[in-house]
Amino acid sequence: MPTDDQQRQMRRFAGSGRFVFNKALVSQKERYGRGEKKLG
């Protein structure tokens, strides 16, 4: 079982991942809307 500090760090890590994913998704949708290719 993770300690309270470890749980906090895991939540922060997951939150950071969601933030990056959402930013990339917005970027891809904007590119798609302009008719550009997807980024790899």
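FYI, it's all coordinate maths here, none of it is from the lab. Predicted, not measured: the structure shown is a model, and the values here were computed from it. With ideal geometry, Cβ positions are generated from the backbone for all residues, glycine too; neighbour counts draw on all protein chains shown.
Structural remarks
- Computed from the C-alpha gyration tensor, the three semi-axes of the ellipsoid equivalent to the chain are 34, 7, 4 Å, from longest to shortest.
- Taken about its Cα centre, the chain carries a charge dipole of about 260 debye when Lys and Arg each add +1 at the Cβ and Asp and Glu each add -1 at the Cβ.
- 222 nm mean residue ellipticity, helices alone, for the chain (DSSP H n ≥ 4; -39,500 (n - 2.57); rounded to 500): -27000 deg cm²/dmol
- Of the trypsin sites (Lys or Arg not before Pro) in the chain, the ones in a loop by DSSP (not H, G, I, E or B) with at most 11 other beta carbons within 10 Å are ARG34, LYS37, LYS38.
- For segment 20-37, 3J(HN,Hα) computed residue by residue from phi via the Karplus equation (6.51, -1.76, 1.60; θ = phi - 60°) reads 5, 4, 5, 5, 5, 5, 4, 4, 5, 5, 5, 4, 4, x, 8, x, 8, 6 Hz, glycine and proline entered as x.
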